[in-house]
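See structure below.
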2 protein chains.
Amino acid sequence: MNETPTLASTHPTEAASLASWAQNVKRSPLQEMLFAAAKPGIISFAMGLPAPELFPVEELIRASGHVLANDSRALQYGPPFQPLKSQVVELMAKRKVACCEEQVFITTGAQQGMSLLVRLLLEPRGRVLTEQLIYPGFQQVIEPYEPEVISVAIDARTGIDVAAVASLLASGAQPAFIYAISSGHNPVGVSLTEAKRLRLVDLARQYRIPIIEDDPYGFLDYGRETLPPLRAYDDQWVFYVGSFSKILTPALRVGWLVVPENLIPKLSVVKEASDIDTNTFAQRLISRLLEQEEIDRRLSMLRDEYRARRDTMAQALRESFPMAAKWVTPDHGFFFWVELPHGVDTLGLLAKALEKERVAFIPGQAFSVDPSSGATNCMRLNFSHSNPNLIREGIARLGELVREALNRNIVD
Amino acid sequence: MNETPTLASTHPTEAASLASWAQNVKRSPLQEMLFAAAKPGIISFAMGLPAPELFPVEELIRASGHVLANDSRALQYGPPFQPLKSQVVELMAKRKVACCEEQVFITTGAQQGMSLLVRLLLEPRGRVLTEQLIYPGFQQVIEPYEPEVISVAIDARTGIDVAAVASLLASGAQPAFIYAISSGHNPVGVSLTEAKRLRLVDLARQYRIPIIEDDPYGFLDYGRETLPPLRAYDDQWVFYVGSFSKILTPALRVGWLVVPENLIPKLSVVKEASDIDTNTFAQRLISRLLEQEEIDRRLSMLRDEYRARRDTMAQALRESFPMAAKWVTPDHGFFFWVELPHGVDTLGLLAKALEKERVAFIPGQAFSVDPSSGATNCMRLNFSHSNPNLIREGIARLGELVREALNRNIVD
């Protein structure tokens, strides 16, 4: 035994043994993209970032000064900020969701909301029902549980294949939950039809399987009429995940859940284990930004801006992409999902796009829960982060590459 | 099948089935205390709260304005703020820890740091080595894994029983990690002797078992000389968890880890799954508060203030508590650990203290990993949150009750 203090380990190359699931874990494609697309001069359609020029900077400067000067609890540990819960109830009412403060749970962003729900619902090696294409951040949430993922197709015009869900549940699948995005799907962009909303909620009720409804884009709708989220149709089997990241700012990491009241005490235990409480200062800043109809003006402004960017991208795609490329213009959210003919490999295309054209996007396979059903011919294009000029320029450059790839593909 | 939208579930009293560990989960004793002690008029020695009158309010008002007006990335999703990592390296150097930015990982508070490390290290039903008395928030972190907890005694003067650790490891215990607080232990208040620090680190190396070193109070030392944390003695087997909550403000939820560099990519995956990134605005505010020797002035001010409160509580205990009550004056942190004669039940005492004397503390059993070894005759008293007058008043009231309980105990 050596009683002399030494900094260097006696076995500097040895590493602690990790839990089995963690041994091969590495950065997600989205994280790699974040690095690649963060270089100056790259036009990035990769990440799902809101437009920074639309952030409420002046409002936050005022709110920070006000909160710090007037609210002595803003810097201490503390329980959820009650006025914010009440504002969430009002916000949900705008989406035709009836709920009460006792059903609202404040989280460190929507990602934490999903992570906490999964913690409560999923056993190690438990079963999960998702679409074949999902938000990779949700895959990261479930990965440590080494789950059995059963997946169903997603239609680019109508959303999740509810007949397949029905059939799986009828055959006794019994997943711990169904994960779904009802409006402005990430990555596919689609919003569920009303018939599918009703049917999905009915299935959840009938089989007593909760739906985790991830709704970061629900407030960003660009059509004439918008459907309410699944939570509007059922208050017992739909666990709603809400986010301020896309409508205010992602920096403050504040989101919310709307769940049956009996889950709240259990959520508060897993929440405390995760990070004690949600930033008490940030909760108060968000609450200030939600005051006095400011949020209505803001939502209206965001819808106008993002609708214009969506339309710009739609037109640029029509002008620059070949006829064989297919997409459906989304009525919510941040993304176009473009399907190229089979055989075109969008991962290879991305390497070229970054190198030759300095344009970034995310290849479809990054979203696939089943590598064999790959979506290797698809790409997700974000239209919220770049201004219309950059969108036109970037899509034109990307269109060139896609045409080349298609020609090569036909020749091959 | 019902195609009519209805809000009420058809089975309103039924609830989703939860993962087995979660079925009986409920609020922790600390959470219950938070409610009980938050009532007006209660003198609370319960929670581990920093003194709100010492928060850097003016500094944060200036920092908020500055950051929002000058840093356009402060409101967007983003990677860890590099200047903050560099400041953490400087801060660690003050504790005689040599580390580099590549070993620093920014977290949403120290609690998240522990939660992420456990996620990487612990298998479901895996084994964990702790002291018999630990921070309940760490129990909450490991609870979902349904772990086998093997525990060793803790001595109020010297800290963790390293001979017992050695014996367990020698007999092949192979825990996933050892959880330890080296300075200002929560709840016991003790700081490890140098010999124990050296021995514990040697054991970790010898048996290749990482130590999760939880160090929220390490910068708050009140003695003439202070020992460096375990991380100063080994950079491979000690995973250090740091916190700004006690030295700046807990509201912003920013903490850090110092770990071997190879763990950082894996941590960034579990971090992204938990809450995407750490509040980018909060990271920049913390960074401003750490600038220009402000932190040295601040640490010095906090040490003086908290030392005075500690001394006030020590004197009040000597004056008001019976001779049979034992404690060791802590040289770090926020807590006195008071041991009463066996047979005195501090849980019952708390009920009376709240009702009759309007004083709160936390009964020892809330910290016990093994209910049978209970610490039912002990209490944790926080001295950081109440000002000296309240400390004198509260300890006097509590002393009355303790004397009564002792007399009853002798009579029984």
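Is it the case that residue A:249 is touching a residue at least 12 places away in the same chain (Cβ under 8 Å), of a type in the set (Val, Ile, Thr) and either part of a helix (DSSP H, G or I) or within 14 Å of chain B (Cβ to nearest Cβ) (or both)? Taking the combined requirement at face value, the residue satisfies it.
Against the test of being surrounded by 24 or more Cβ atoms within 10 Å (Cβ to Cβ) and within 24 Å of residue B:23 (Cβ to Cβ), the options A:178, A:160 yield a single qualifying residue, A:178. Out of B:269, B:241, one residue alone is in a strand (DSSP E or B) and either more than 22 Å from the chain's Cα centre (by Cα) or more than 9 Å from every other protein chain (Cβ to nearest Cβ) (or both). It is B:241.
With the condition kept exactly as written, say whether any residue in region A:362-382 is among the polar types (S, T, N, Q), touching a residue at least 12 places away in the same chain (Cβ under 8 Å) and under 25 Å from residue A:40 (Cα atoms). There is at least one residue in region A:362-382 that is among the polar types (S, T, N, Q), touching a residue at least 12 places away in the same chain (Cβ under 8 Å) and under 25 Å from residue A:40 (Cα atoms).
Condition test on residue A:165, is it touching a strand residue (DSSP E or B) at 6+ places or on another chain (Cβ under 6 Å), in a helix (DSSP H, G or I), within 14 Å of chain B (Cβ to nearest Cβ) and of a type in the set (A, V, I, L, M, F, W, C)? Criteria met by residue A:165.
Taken together, B:72, B:86, B:64 contain a single residue that is in contact with an Asp or Glu (Cβ under 7 Å, 6 or more places away or on another chain) and either of a type outside the set (Phe, Trp, Tyr) or facing another protein chain (nearest Cβ under 8 Å) (or both), which is B:86. Residues in region B:272-299 that are in a loop (DSSP other than H, G, I, E, B), within 14 Å of chain A (Cβ to nearest Cβ) and among the charged types (D, E, K, R): B:277 only.
Looking at this structure, is residue A:205 within 13 Å of chain B (Cβ to nearest Cβ), under 21 Å from the mean Cα position of the chain (by Cα) and part of a helix (DSSP H, G or I)? No, not satisfied. Residues of region A:214-238 that are under 19 Å from residue A:195 (Cβ atoms), free of Cβ contacts under 8 Å to residues at least 40 places away in the same chain, within 13 Å of chain B (Cβ to nearest Cβ) and not aliphatic (A, V, I, L, M): A:233, A:234, A:237. I'd like the residue in region A:245-303 that is of a type in the set (Asp, Glu) and over 24 Å from residue A:223 (Cα atoms) and, out of all such residues, is surrounded by the fewest Cβ atoms within 10 Å (Cβ to Cβ). Checking each candidate, the answer is A:291. Consider region A:130-146 and keep the residues that are aliphatic (A, V, I, L, M) and not in a loop (DSSP other than H, G, I, E, B). The one that is farthest from the chain's Cα centre (by Cα) is A:142.
State yes or no: is residue A:74 under 18 Å from the mean Cα position of the chain (by Cα) and surrounded by 24 or more Cβ atoms within 10 Å (Cβ to Cβ)? The answer is no for residue A:74. Remark: residue A:154 falls outside the filter, which requires a residue to be within 30 Å of residue A:383 (Cα to Cα), crowded, with 23+ Cβ neighbours inside 10 Å and under 14 Å from the mean Cα position of the chain (by Cα).
Quick grid of which residues meet (1) in the same structural domain as residue A:85 (by TED's automatic domain parsing); (2) surrounded by 20 or more Cβ atoms within 10 Å (Cβ to Cβ); (3) closer than 25 Å to residue A:235 by Cα:
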| position | (1), (2), (3) |
| --- | --- |
| A:112 | yes, yes, yes |
| A:118 | yes, yes, yes |
| A:127 | yes, no, yes |
| A:146 | yes, no, no |
| A:164 | yes, no, yes |
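Note on region A:252-262: residues that are within 8 Å of chain B (Cβ to nearest Cβ) and part of a helix (DSSP H, G or I) total 1. Of note, residue A:93 does not satisfy the criterion of being surrounded by 19 or more Cβ atoms within 10 Å (Cβ to Cβ) and either more than 20 Å from residue B:55 (Cβ to Cβ) or modelled with pLDDT of 95 or more (or both). Restrict the check to region B:25-46 and report whether at least one residue is modelled with pLDDT under 85, of a type in the set (S, T, N, Q) and assigned to a loop (DSSP other than H, G, I, E, B). Among the residues of region B:25-46, at least one is modelled with pLDDT under 85, of a type in the set (S, T, N, Q) and assigned to a loop (DSSP other than H, G, I, E, B), which makes the answer yes. Out of everything in region B:317-367 that is assigned to a helix (DSSP H, G or I) and among the aliphatic types (A, V, I, L, M), what residue ends up being modelled with the highest pLDDT? Here the answer is B:317. The lone criterion from (1) outside any loop (DSSP other than H, G, I, E, B); (2) within 13 Å of chain B (Cβ to nearest Cβ); (3) small (Gly, Ala, Ser); (4) surrounded by fewer than 19 Cβ atoms within 10 Å (Cβ to Cβ) left unmet by residue A:98 is number (1). As a summary of the residue check, residue B:187 satisfies the conditions (1) out of contact with any helix residue (DSSP H, G or I) (no Cβ under 6 Å at 6 or more places or on another chain); (2) more than 14 Å from chain A (Cβ to nearest Cβ) except for the one numbered (1). When only residues in region A:113-125 that are out of contact with any Phe, Trp or Tyr (no Cβ under 6 Å at 6 or more places or on another chain) and not in a helix (DSSP H, G or I) count, which is farthest from the other protein chains (Cβ to nearest Cβ)? The residue in question is A:125. Please find, among A:403, A:397, A:380, the residue that is basic (Lys, Arg) and assigned to a strand (DSSP E or B). Testing whether each residue is basic (Lys, Arg) and assigned to a strand (DSSP E or B) leaves just A:380. Criterion applied to A:278, A:312, A:346, A:249 was being more than 17 Å from residue A:379 (Cβ to Cβ), hydroxyl-bearing (Ser, Thr, Tyr) and in contact with a strand residue (DSSP E or B) (Cβ under 7 Å, 6 or more places away or on another chain), and the one residue passing it is A:278. The residue that is nearest to the other protein chains (Cβ to nearest Cβ), counting only those in region A:130-146 that are hydrophobic (A, V, I, L, M, F, W, C) and in contact with a Phe, Trp or Tyr (Cβ under 7 Å, 6 or more places away or on another chain), is A:138. Among the criteria (1) within 14 Å of chain B (Cβ to nearest Cβ); (2) touching a residue at least 40 places away in the same chain (Cβ under 8 Å); (3) not in a helix (DSSP H, G or I), the one residue A:149 does not fulfil is (1).
The values are calculated or read from the model by the stated rules, or taken from the named source; none is laboratory data. Just so we're clear, the structure is a prediction, and the values are computed from it rather than from any experiment. Heads up, the Cβs are rebuilt from the backbone with ideal geometry, glycines too, and the neighbour counts pull from every protein chain shown.
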